[in-house]
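Okay, so here's the structure we're looking at.
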Amino acid sequence: KDLTQAMPRPSLRTVAEGRKSVVRTRNKTFHGLSPQEAVKLLATYPVLCHQYTGLKNQLMQETDGEYEWAMTFLNLGGLQDLLTSLLHFVREPKLPFYKAIIAVVGSNCISPFLCCQEGLQYILEHASIINMMTDFLATGHLLVKRRVWELLAAMCLSGRTEVLKAMAAFARKHGLQYRFSIIVNELKYNTEVPPFYYMALIGFVNALLYEPDTYKRKWLRAELTALGLLDTLFRIRQSVWDPDVLCLIETFYEEMGSDTDSKSTANPLSGFSQLLVKQQGTPNLIQLNSVIDALASFTETPRSAAVWKCLSKSTTALSRLLSSSTSDVSVRAELITAVNELLGEDDREMNQLRQQLAAAEAVIESQKKALADADARLAAASKEPPRTPVVEGGAVLSGPPPPAPPPPPPILGGPPPPPGP
(Lines give C-alpha, C1' and ligand atoms only; values in the text may rest on other atoms or scores of the structure.)
Protein backbone atom coordinates (compact mmCIF):
# COMPACT_ATOMS: atom_id res chain seq x y z
CA LYS A 1 0.00 0.00 0.00
CA ASP A 2 2.83 2.37 0.87
CA LEU A 3 4.61 1.50 -2.37
CA THR A 4 1.46 2.19 -4.37
CA GLN A 5 1.04 5.54 -2.73
CA ALA A 6 4.68 6.43 -3.31
CA MET A 7 4.56 5.66 -7.03
CA PRO A 8 3.74 8.69 -9.22
CA ARG A 9 0.46 8.32 -11.01
CA PRO A 10 0.25 9.37 -14.67
CA SER A 11 -1.97 12.29 -15.44
CA LEU A 12 -5.20 11.90 -17.34
CA ARG A 13 -3.65 13.79 -20.23
CA THR A 14 -0.75 11.34 -20.47
CA VAL A 15 -3.11 8.35 -20.44
CA ALA A 16 -5.29 9.92 -23.11
CA GLU A 17 -2.31 10.66 -25.37
CA GLY A 18 -1.07 7.06 -24.99
CA ARG A 19 -4.47 5.69 -25.96
CA LYS A 20 -4.66 8.00 -28.96
CA SER A 21 -1.21 6.86 -30.17
CA VAL A 22 -2.29 3.21 -29.91
CA VAL A 23 -5.48 3.97 -31.83
CA ARG A 24 -3.54 5.85 -34.51
CA THR A 25 -1.13 2.91 -34.87
CA ARG A 26 -3.99 0.42 -35.20
CA ASN A 27 -5.92 2.56 -37.67
CA LYS A 28 -2.88 3.34 -39.79
CA THR A 29 -2.66 1.32 -42.98
CA PHE A 30 -0.01 0.88 -45.66
CA HIS A 31 -2.09 2.63 -48.29
CA GLY A 32 -0.28 5.68 -49.59
CA LEU A 33 2.88 5.04 -47.57
CA SER A 34 6.36 5.02 -49.03
CA PRO A 35 8.45 1.84 -48.74
CA GLN A 36 10.57 3.51 -46.03
CA GLU A 37 7.49 4.32 -43.95
CA ALA A 38 6.11 0.81 -44.49
CA VAL A 39 9.31 -0.78 -43.18
CA LYS A 40 9.20 1.54 -40.17
CA LEU A 41 5.58 0.61 -39.48
CA LEU A 42 6.40 -3.11 -39.56
CA ALA A 43 8.88 -2.55 -36.73
CA THR A 44 6.05 -1.35 -34.44
CA TYR A 45 4.39 -4.44 -32.98
CA PRO A 46 1.69 -5.51 -33.24
CA VAL A 47 0.50 -5.22 -36.84
CA LEU A 48 -3.12 -6.20 -37.35
CA CYS A 49 -4.90 -8.15 -40.08
CA HIS A 50 -6.27 -5.17 -41.98
CA GLN A 51 -2.79 -3.64 -42.03
CA TYR A 52 -1.28 -6.79 -43.56
CA THR A 53 -4.07 -6.79 -46.14
CA GLY A 54 -3.22 -3.20 -47.05
CA LEU A 55 0.45 -4.15 -47.36
CA LYS A 56 -0.43 -6.95 -49.79
CA ASN A 57 -2.49 -4.58 -51.93
CA GLN A 58 0.38 -2.11 -51.95
CA LEU A 59 2.87 -4.80 -53.00
CA MET A 60 0.66 -5.88 -55.90
CA GLN A 61 0.56 -2.40 -57.41
CA GLU A 62 2.09 -2.46 -60.88
CA THR A 63 3.46 0.58 -62.67
CA ASP A 64 4.27 0.18 -66.37
CA GLY A 65 4.74 -3.55 -65.94
CA GLU A 66 7.19 -3.18 -63.02
CA TYR A 67 6.72 -3.58 -59.30
CA GLU A 68 8.79 -0.58 -58.28
CA TRP A 69 7.25 -0.18 -54.81
CA ALA A 70 7.69 -3.87 -53.99
CA MET A 71 11.31 -3.97 -55.15
CA THR A 72 12.20 -0.89 -53.11
CA PHE A 73 10.51 -2.54 -50.14
CA LEU A 74 12.63 -5.64 -50.73
CA ASN A 75 15.92 -3.77 -51.03
CA LEU A 76 15.23 -2.00 -47.73
CA GLY A 77 14.95 -5.37 -45.96
CA GLY A 78 11.19 -5.15 -45.66
CA LEU A 79 10.60 -8.87 -46.21
CA GLN A 80 12.92 -9.75 -43.32
CA ASP A 81 11.05 -7.26 -41.10
CA LEU A 82 7.74 -8.76 -42.25
CA LEU A 83 8.81 -12.29 -41.26
CA THR A 84 10.19 -11.00 -37.95
CA SER A 85 6.86 -9.37 -37.14
CA LEU A 86 5.03 -12.59 -38.05
CA LEU A 87 7.35 -14.68 -35.88
CA HIS A 88 6.34 -12.37 -33.03
CA PHE A 89 2.88 -13.96 -33.13
CA VAL A 90 3.85 -17.64 -33.37
CA ARG A 91 6.46 -17.89 -30.60
CA GLU A 92 3.94 -19.00 -27.99
CA PRO A 93 3.76 -22.78 -27.34
CA LYS A 94 -0.07 -22.73 -27.45
CA LEU A 95 -0.86 -20.31 -30.23
CA PRO A 96 -4.28 -18.63 -29.92
CA PHE A 97 -6.54 -18.79 -32.90
CA TYR A 98 -6.62 -15.04 -33.55
CA LYS A 99 -2.82 -14.86 -33.66
CA ALA A 100 -2.74 -17.77 -36.09
CA ILE A 101 -5.16 -15.88 -38.34
CA ILE A 102 -2.95 -12.78 -38.20
CA ALA A 103 0.10 -14.89 -39.12
CA VAL A 104 -1.74 -16.49 -42.05
CA VAL A 105 -2.98 -13.13 -43.35
CA GLY A 106 0.52 -11.69 -42.98
CA SER A 107 2.07 -14.63 -44.83
CA ASN A 108 -0.11 -13.77 -47.83
CA CYS A 109 2.16 -10.75 -48.32
CA ILE A 110 4.91 -13.14 -49.47
CA SER A 111 2.88 -14.37 -52.45
CA PRO A 112 3.35 -11.20 -54.58
CA PHE A 113 7.11 -11.66 -54.44
CA LEU A 114 6.79 -15.19 -55.79
CA CYS A 115 4.78 -13.95 -58.77
CA CYS A 116 7.56 -11.73 -60.15
CA GLN A 117 10.98 -12.95 -61.26
CA GLU A 118 12.89 -10.20 -59.45
CA GLY A 119 11.24 -10.92 -56.11
CA LEU A 120 11.72 -14.67 -56.41
CA GLN A 121 15.38 -14.19 -57.35
CA TYR A 122 15.87 -11.93 -54.32
CA ILE A 123 14.39 -14.57 -51.99
CA LEU A 124 16.54 -17.34 -53.43
CA GLU A 125 19.69 -15.23 -53.10
CA HIS A 126 19.04 -14.56 -49.40
CA ALA A 127 19.02 -17.89 -47.58
CA SER A 128 18.04 -16.24 -44.29
CA ILE A 129 14.54 -15.53 -45.67
CA ILE A 130 13.83 -19.20 -46.43
CA ASN A 131 15.33 -20.22 -43.08
CA MET A 132 12.98 -17.79 -41.31
CA MET A 133 10.05 -19.29 -43.22
CA THR A 134 10.94 -22.80 -42.06
CA ASP A 135 10.99 -21.54 -38.46
CA PHE A 136 7.20 -21.28 -38.68
CA LEU A 137 7.06 -25.10 -38.92
CA ALA A 138 7.98 -25.27 -35.23
CA THR A 139 4.64 -23.76 -34.24
CA GLY A 140 1.75 -25.93 -33.13
CA HIS A 141 -0.99 -24.40 -35.29
CA LEU A 142 -1.92 -26.20 -38.49
CA LEU A 143 -3.11 -23.08 -40.31
CA VAL A 144 0.31 -21.47 -40.08
CA LYS A 145 2.21 -24.62 -41.05
CA ARG A 146 -0.14 -25.28 -43.95
CA ARG A 147 0.60 -21.85 -45.40
CA VAL A 148 4.36 -22.38 -45.00
CA TRP A 149 4.22 -25.75 -46.79
CA GLU A 150 2.36 -24.13 -49.69
CA LEU A 151 4.93 -21.33 -49.99
CA LEU A 152 7.84 -23.78 -49.87
CA ALA A 153 6.17 -25.91 -52.55
CA ALA A 154 5.90 -22.86 -54.79
CA MET A 155 9.60 -22.06 -54.28
CA CYS A 156 10.60 -25.65 -55.11
CA LEU A 157 9.79 -25.06 -58.77
CA SER A 158 12.61 -22.52 -59.15
CA GLY A 159 14.79 -22.92 -56.06
CA ARG A 160 14.71 -26.55 -55.00
CA THR A 161 18.34 -26.48 -53.86
CA GLU A 162 17.74 -23.51 -51.56
CA VAL A 163 14.66 -25.17 -50.06
CA LEU A 164 16.62 -28.37 -49.39
CA LYS A 165 19.35 -26.35 -47.65
CA ALA A 166 16.71 -24.66 -45.51
CA MET A 167 15.23 -28.04 -44.55
CA ALA A 168 18.68 -29.29 -43.55
CA ALA A 169 19.26 -26.13 -41.47
CA PHE A 170 15.88 -26.62 -39.76
CA ALA A 171 16.80 -30.23 -38.91
CA ARG A 172 20.13 -29.15 -37.37
CA LYS A 173 18.49 -26.35 -35.40
CA HIS A 174 15.82 -28.59 -33.87
CA GLY A 175 17.96 -31.69 -33.35
CA LEU A 176 16.46 -33.88 -36.09
CA GLN A 177 18.65 -36.56 -37.63
CA TYR A 178 17.40 -36.20 -41.21
CA ARG A 179 16.27 -33.19 -43.19
CA PHE A 180 12.98 -34.83 -44.21
CA SER A 181 12.10 -36.05 -40.72
CA ILE A 182 9.75 -33.11 -40.18
CA ILE A 183 7.74 -34.09 -43.29
CA VAL A 184 7.28 -37.75 -42.45
CA ASN A 185 6.67 -37.04 -38.75
CA GLU A 186 3.92 -34.53 -39.59
CA LEU A 187 2.22 -37.13 -41.79
CA LYS A 188 2.79 -40.02 -39.44
CA TYR A 189 1.85 -38.62 -36.03
CA ASN A 190 -0.88 -36.11 -36.95
CA THR A 191 -3.61 -38.70 -37.37
CA GLU A 192 -6.60 -36.45 -36.68
CA VAL A 193 -6.02 -33.38 -38.81
CA PRO A 194 -8.18 -31.75 -41.48
CA PRO A 195 -7.63 -32.90 -45.06
CA PHE A 196 -6.26 -29.50 -46.11
CA TYR A 197 -3.12 -30.13 -44.04
CA TYR A 198 -2.52 -33.48 -45.75
CA MET A 199 -2.99 -31.71 -49.07
CA ALA A 200 -0.35 -29.09 -48.22
CA LEU A 201 2.18 -31.70 -47.04
CA ILE A 202 1.72 -34.19 -49.88
CA GLY A 203 1.67 -31.33 -52.38
CA PHE A 204 5.03 -30.17 -51.04
CA VAL A 205 6.40 -33.72 -51.42
CA ASN A 206 5.24 -33.88 -55.04
CA ALA A 207 6.73 -30.45 -55.76
CA LEU A 208 9.98 -31.54 -54.15
CA LEU A 209 10.11 -34.64 -56.37
CA TYR A 210 9.39 -32.62 -59.51
CA GLU A 211 13.08 -32.84 -60.34
CA PRO A 212 14.12 -33.14 -64.00
CA ASP A 213 17.29 -35.04 -63.10
CA THR A 214 16.41 -38.72 -62.72
CA TYR A 215 19.23 -39.53 -60.32
CA LYS A 216 18.45 -36.64 -57.99
CA ARG A 217 14.75 -37.48 -58.09
CA LYS A 218 15.44 -41.09 -57.13
CA TRP A 219 17.74 -39.95 -54.37
CA LEU A 220 15.11 -37.65 -52.85
CA ARG A 221 12.42 -40.32 -53.11
CA ALA A 222 14.75 -42.88 -51.51
CA GLU A 223 15.33 -40.54 -48.56
CA LEU A 224 11.59 -40.14 -48.01
CA THR A 225 10.92 -43.84 -48.47
CA ALA A 226 13.60 -44.81 -45.97
CA LEU A 227 11.83 -42.71 -43.33
CA GLY A 228 8.57 -44.66 -43.84
CA LEU A 229 6.70 -42.41 -46.26
CA LEU A 230 5.12 -45.27 -48.24
CA ASP A 231 3.58 -46.88 -45.16
CA THR A 232 2.29 -43.50 -44.01
CA LEU A 233 0.71 -42.75 -47.38
CA PHE A 234 -0.92 -46.19 -47.41
CA ARG A 235 -2.47 -45.48 -43.99
CA ILE A 236 -3.72 -42.08 -45.11
CA ARG A 237 -5.21 -43.53 -48.26
CA GLN A 238 -7.13 -46.07 -46.19
CA SER A 239 -8.38 -43.60 -43.57
CA VAL A 240 -8.93 -40.31 -45.42
CA TRP A 241 -11.60 -40.19 -48.07
CA ASP A 242 -11.02 -36.70 -49.35
CA PRO A 243 -10.80 -36.78 -53.18
CA ASP A 244 -8.10 -34.08 -53.37
CA VAL A 245 -5.86 -35.94 -50.91
CA LEU A 246 -6.34 -39.22 -52.78
CA CYS A 247 -5.53 -37.50 -56.07
CA LEU A 248 -2.22 -36.20 -54.68
CA ILE A 249 -1.32 -39.65 -53.35
CA GLU A 250 -2.07 -41.26 -56.70
CA THR A 251 0.13 -38.63 -58.37
CA PHE A 252 2.98 -39.62 -56.07
CA TYR A 253 2.60 -43.32 -56.95
CA GLU A 254 2.32 -42.61 -60.68
CA GLU A 255 5.53 -40.57 -60.68
CA MET A 256 7.29 -43.29 -58.72
CA GLY A 257 6.09 -45.94 -61.15
CA SER A 258 7.26 -43.95 -64.17
CA ASP A 259 10.87 -44.00 -62.97
CA THR A 260 12.99 -47.00 -63.78
CA ASP A 261 13.90 -49.27 -60.88
CA SER A 262 11.10 -47.76 -58.82
CA LYS A 263 10.26 -51.22 -57.46
CA SER A 264 13.73 -51.60 -56.01
CA THR A 265 13.24 -48.28 -54.22
CA ALA A 266 9.96 -49.42 -52.75
CA ASN A 267 11.11 -52.97 -51.95
CA PRO A 268 14.87 -53.42 -51.34
CA LEU A 269 14.54 -57.23 -51.39
CA SER A 270 13.18 -57.28 -54.95
CA GLY A 271 15.91 -54.87 -56.04
CA PHE A 272 18.59 -57.14 -54.53
CA SER A 273 17.09 -60.14 -56.28
CA GLN A 274 17.18 -58.34 -59.62
CA LEU A 275 20.81 -57.37 -59.06
CA LEU A 276 21.79 -60.91 -58.14
CA VAL A 277 20.08 -62.38 -61.23
CA LYS A 278 21.71 -59.73 -63.41
CA GLN A 279 25.24 -60.52 -62.19
CA GLN A 280 24.81 -64.28 -61.98
CA GLY A 281 27.47 -66.11 -64.02
CA THR A 282 29.70 -63.04 -64.46
CA PRO A 283 33.05 -62.20 -62.83
CA ASN A 284 31.32 -59.26 -61.13
CA LEU A 285 29.59 -61.70 -58.78
CA ILE A 286 32.80 -62.02 -56.73
CA GLN A 287 33.01 -58.25 -56.22
CA LEU A 288 29.29 -58.18 -55.39
CA ASN A 289 29.79 -60.78 -52.66
CA SER A 290 32.71 -58.80 -51.19
CA VAL A 291 30.62 -55.64 -51.17
CA ILE A 292 27.75 -57.44 -49.42
CA ASP A 293 30.14 -58.89 -46.82
CA ALA A 294 31.58 -55.43 -46.15
CA LEU A 295 28.13 -53.90 -45.77
CA ALA A 296 27.00 -56.70 -43.45
CA SER A 297 29.97 -56.03 -41.16
CA PHE A 298 28.83 -52.46 -40.48
CA THR A 299 28.04 -51.69 -36.85
CA GLU A 300 25.64 -49.01 -35.66
CA THR A 301 27.63 -45.95 -34.57
CA PRO A 302 26.91 -42.20 -34.49
CA ARG A 303 28.59 -41.92 -37.90
CA SER A 304 26.61 -44.74 -39.54
CA ALA A 305 24.14 -42.38 -41.20
CA ALA A 306 26.98 -40.33 -42.70
CA VAL A 307 28.73 -43.48 -43.97
CA TRP A 308 25.58 -44.82 -45.64
CA LYS A 309 24.93 -41.43 -47.20
CA CYS A 310 28.47 -41.35 -48.60
CA LEU A 311 28.05 -44.87 -50.01
CA SER A 312 24.78 -43.96 -51.67
CA LYS A 313 26.21 -40.83 -53.30
CA SER A 314 29.36 -42.67 -54.38
CA THR A 315 27.47 -45.53 -56.02
CA THR A 316 25.14 -43.06 -57.72
CA ALA A 317 28.11 -41.16 -59.10
CA LEU A 318 29.84 -44.35 -60.27
CA SER A 319 26.68 -45.55 -62.01
CA ARG A 320 26.79 -42.41 -64.13
CA LEU A 321 29.99 -43.63 -65.75
CA LEU A 322 27.81 -45.98 -67.81
CA SER A 323 25.94 -42.98 -69.19
CA SER A 324 27.47 -41.43 -72.28
CA SER A 325 26.22 -37.97 -71.29
CA THR A 326 28.30 -37.84 -68.10
CA SER A 327 32.00 -36.99 -68.14
CA ASP A 328 34.65 -38.42 -65.85
CA VAL A 329 35.33 -34.96 -64.45
CA SER A 330 31.80 -34.58 -63.05
CA VAL A 331 31.90 -38.09 -61.57
CA ARG A 332 35.26 -37.36 -59.92
CA ALA A 333 33.83 -34.12 -58.48
CA GLU A 334 30.81 -35.96 -57.03
CA LEU A 335 33.04 -38.62 -55.46
CA ILE A 336 35.31 -35.99 -53.89
CA THR A 337 32.28 -34.11 -52.56
CA ALA A 338 30.81 -37.26 -50.99
CA VAL A 339 34.08 -38.18 -49.29
CA ASN A 340 34.66 -34.62 -48.08
CA GLU A 341 31.19 -34.54 -46.51
CA LEU A 342 31.95 -37.79 -44.69
CA LEU A 343 35.40 -36.71 -43.51
CA GLY A 344 34.47 -33.12 -42.79
CA GLU A 345 34.91 -33.47 -39.05
CA ASP A 346 38.25 -35.25 -39.45
CA ASP A 347 39.43 -32.58 -41.89
CA ARG A 348 38.65 -29.86 -39.39
CA GLU A 349 40.57 -31.68 -36.68
CA MET A 350 43.52 -32.19 -39.02
CA ASN A 351 43.47 -28.52 -39.96
CA GLN A 352 43.57 -27.56 -36.29
CA LEU A 353 46.50 -29.92 -35.71
CA ARG A 354 48.30 -28.48 -38.74
CA GLN A 355 47.80 -24.96 -37.43
CA GLN A 356 49.12 -25.90 -34.01
CA LEU A 357 52.12 -27.64 -35.59
CA ALA A 358 52.84 -24.61 -37.76
CA ALA A 359 52.71 -22.33 -34.71
CA ALA A 360 55.08 -24.65 -32.81
CA GLU A 361 57.50 -24.74 -35.77
CA ALA A 362 57.46 -20.94 -35.93
CA VAL A 363 58.36 -20.74 -32.22
CA ILE A 364 61.18 -23.25 -32.72
CA GLU A 365 62.56 -21.30 -35.68
CA SER A 366 62.54 -18.06 -33.69
CA GLN A 367 64.38 -19.77 -30.82
CA LYS A 368 66.96 -21.19 -33.23
CA LYS A 369 67.53 -17.73 -34.67
CA ALA A 370 67.98 -16.24 -31.21
CA LEU A 371 70.50 -18.97 -30.30
CA ALA A 372 72.41 -18.38 -33.55
CA ASP A 373 72.61 -14.65 -32.80
CA ALA A 374 73.88 -15.38 -29.29
CA ASP A 375 76.55 -17.75 -30.64
CA ALA A 376 77.68 -15.12 -33.15
CA ARG A 377 78.04 -12.51 -30.43
CA LEU A 378 79.96 -14.96 -28.23
CA ALA A 379 82.32 -15.83 -31.09
CA ALA A 380 82.95 -12.15 -31.82
CA ALA A 381 83.70 -11.50 -28.16
CA SER A 382 86.21 -14.38 -28.02
CA LYS A 383 88.31 -12.83 -30.83
CA GLU A 384 88.91 -9.53 -28.92
CA PRO A 385 92.26 -9.08 -27.00
CA PRO A 386 92.15 -9.80 -23.25
CA ARG A 387 91.42 -6.93 -20.95
CA THR A 388 93.91 -6.08 -18.10
CA PRO A 389 93.16 -4.01 -15.02
CA VAL A 390 94.29 -0.37 -15.08
CA VAL A 391 95.27 1.36 -11.84
CA GLU A 392 94.32 5.00 -11.56
CA GLY A 393 94.46 6.68 -8.20
CA GLY A 394 94.34 3.43 -6.29
CA ALA A 395 91.24 2.18 -8.19
CA VAL A 396 91.32 -0.81 -10.44
CA LEU A 397 89.52 -0.25 -13.69
CA SER A 398 88.94 -2.84 -16.30
CA GLY A 399 90.02 -1.81 -19.75
CA PRO A 400 92.47 -2.52 -22.56
CA PRO A 401 96.23 -2.50 -21.68
CA PRO A 402 97.95 0.93 -21.96
CA PRO A 403 100.02 1.55 -25.11
CA ALA A 404 103.84 1.13 -24.93
CA PRO A 405 105.84 4.37 -24.35
CA PRO A 406 107.64 5.77 -27.39
CA PRO A 407 111.43 5.09 -27.60
CA PRO A 408 113.82 7.89 -26.40
CA PRO A 409 115.41 10.10 -29.04
CA PRO A 410 118.85 8.95 -30.24
CA ILE A 411 122.04 10.58 -28.74
CA LEU A 412 124.45 12.07 -31.21
CA GLY A 413 127.59 10.02 -31.30
CA GLY A 414 126.30 7.42 -28.92
CA PRO A 415 125.37 3.79 -29.48
CA PRO A 416 122.09 3.07 -31.26
CA PRO A 417 119.06 2.44 -29.01
CA PRO A 418 117.95 -1.08 -28.44
CA PRO A 419 115.09 -2.28 -30.60
CA GLY A 420 111.70 -1.92 -29.09
CA PRO A 421 109.55 -4.80 -28.05
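Quick notes on this one:
- Once the range 309-331 is narrowed to residues that are exposed (fewer than 14 other Cβ atoms within 10 Å of the Cβ) and closer than 23 Å to ALA222 by Cα, the residue that is modelled with the lowest pLDDT is SER323.
- Answer residue from the range 143-178, given it is in contact (Cβ under 8 Å) with a residue 40 or more places away in the chain and not in a helix (DSSP H, G or I) and is farthest from ASP231 (Cα to Cα) among those: GLN177
- Output for the range 26-66, where each listed residue is surrounded by 14 or more Cβ atoms within 10 Å (Cβ to Cβ), among the aliphatic types (A, V, I, L, M) and modelled with pLDDT of 70 or more: LEU33, ALA38, VAL39, LEU41, LEU42, LEU55, LEU59, MET60
- Set PHE204, PHE196: member being more than 27 Å from the chain's Cα centre (by Cα) and assigned to a helix (DSSP H, G or I): PHE196
- Residue in the range 114-128 that is closer than 19 Å to LEU41 by Cβ and open to solvent by less than 30 Å² (accessible area, probe 1.4 Å) present: no
- Selection within the range 85-96 - farther than 14 Å from LEU137 by Cβ and touching a residue at least 40 places away in the same chain (Cβ under 8 Å): SER85, HIS88, PHE89, PRO93, LYS94
The values are calculated or read from the model by the stated rules, or taken from the named source; none is laboratory data. The structure displayed is predicted, hence computed values, not measured ones. In this analysis, Cβ positions are derived from the backbone assuming ideal geometry, glycine residues included, and neighbour counts consider all displayed protein chains. The area values use the complete protein model at the heavy-atom level, side chains included, leaving out ligands, DNA and RNA. Shrake-Rupley method; radii C 1.70, N 1.55, O 1.52, S 1.80 Å.
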